[in-house]
Amino acid sequence: MADSFKSGFVSLIGRPSSGKSTLMNTICGFKVSIVSPLPQTTRFAVRGVVTEPNYQIVFIDTPGYHKMESHLNRELTTVAEQTLRDGDLVLYLVDLSRDFGEEEEAVVNLVRPYKEKAIIVFNKIDNITTKPQECNVFNEVHSRLPDIPYVFISAENGNGIKEMEERIASILPEGPLYYPEEYVTDQSIPFRIEETVREKVFERTKEEVPHSVYVKTDNLHVTASKIKAYATIYVDRESQKGIVVGKNGSVIKEIGSAARESLTEIFERNVQLFLTVKVHANWKKDKKFVDKMFSD
Ligand SMILES: Nc1nc2c(ncn2[C@@H]2O[C@H](COP(=O)(O)OP(=O)(O)OP(=O)(O)O)[C@@H](O)[C@H]2O)c(=O)[nH]1
Ligand SMILES: [Mg+2]
């Protein structure tokens, strides 16, 4: 190990769709966290690890921060708040291509008490037509949090990311190697399967359906060359089941083959995936169930 090895936990905070999961995947050079154009894709505090000879950064992706009155949403908000408290450093992601508003203001207020350990990351510089300093959201956020250093990046095409990573590494405290060098994430095989299937549901369904889905791995056989998994996609209502299954099973077939393809890449193994769709009526409103879902 080098003389002064630095390490720490970096929380990614920001409103839904600001690009937190995309940034984590780009930095880790690996698909660690699922991504979609729809807000509220991430539900759990997923970890992605970057290890270099003189530092290790553990990034913690969080659900997009917003206030809404449902038990699931309250849980998502709590995940973000806890991660913020626990991190050595906070990266506050702001989408430059969207205007400032109430939702952004809520994140500004959330981050303010942690300003000593925060960096503002203005994202999506590839998606604006003016200079980043001229964007409405840049001025509104910067004037409210003038003491926090900031960077401009594109999580999508990687612009500014290496500089940001080195800056983070220079700020982190001296510390141990928290994870073995080859680690990219702390997620279990069944969790990755569930998240990948959920991502494919997000890509192929609309309106309230993606947010009404959770996935559970029922049975799993893992060998060095092969993974065989049985998983169930649960929906909130009977009508959603038809949408996820599709005409003659066309949608569920597409979800299955897209998920299988991604999982084959992730695990570098042959993957067999068997999916079923079931109704778990009103699961999002079932406090006991949602609590259990978030308690590991
Ligand atoms: N053009 C552009 N699009 C981006 C960039 N970063 C992310 N996106 C897109 O923004 C959308 C949301 O990205 P995510 O990474 O899922 O956002 P998130 O902050 O994790 O969202 P939640 O998990 O819902 O809170 C996706 O369609 C991404 O492809 C970027 O730098 N440029
Ligand atoms: Mg996300």
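Readers should treat all values here as calculations from the given coordinates under stated rules, not as data from a laboratory. Here the structure is a predicted model, which means the values were calculated and not measured. Quick reminder, even Gly has a Cβ in these numbers, built from the backbone with ideal geometry, and neighbours come from all protein chains shown.
Between Ala224 and Glu181, the FRET efficiency from the beta-carbon distance, with R0 = 22 Å, is close to 0.60. Working note: Cα gyration tensor of the chain, eigenvalues times five, square-rooted, sorted largest first, giving semi-axes of 33, 24, 17 Å. The distance between label points at Thr276 and Glu105 comes to 4.9 nm (points 7 Å beyond Cα on the Cα→Cβ vector). For Lys67, the lysines whose Cα comes closer than 17 Å to its Cα, not counting residues fewer than 8 places off in the same chain, are Lys284, Lys285.
In the chain, the DSSP beta bridges split such that about 35 percent are antiparallel, to the nearest 5. As a length-normalised measure over Cα pairs under 8 Å and 6 or more apart, the relative contact order of the chain settles at 18 percent.
Ordering Gln133, Gly48, Gly160 by Cα displacement along the dipole of the chain toward the positive end leaves Gly48 in first place; charges were set at the Cβ atoms of Lys, Arg (+1) and Asp, Glu (-1). Each label point was placed 7 Å from the Cα along the Cα-to-Cβ direction; for Phe30 and Glu268 their separation is 0.9 nm.
Computed over the chain, the per-residue total of -39500 (n - 2.57) for DSSP H runs of n ≥ 4 gives a 222 nm mean residue ellipticity of -11000 deg cm²/dmol, rounded to 500.
Kindly put Tyr230, Tyr92 in sequence by how many other C-beta atoms sit within 10 Å of each C-beta, fewest to most.
Tyr230, Tyr92
Inter-label distance, Ser250 to Ser4: 6.2 nm, where each label sits 7 Å from its Cα along the C-beta direction.
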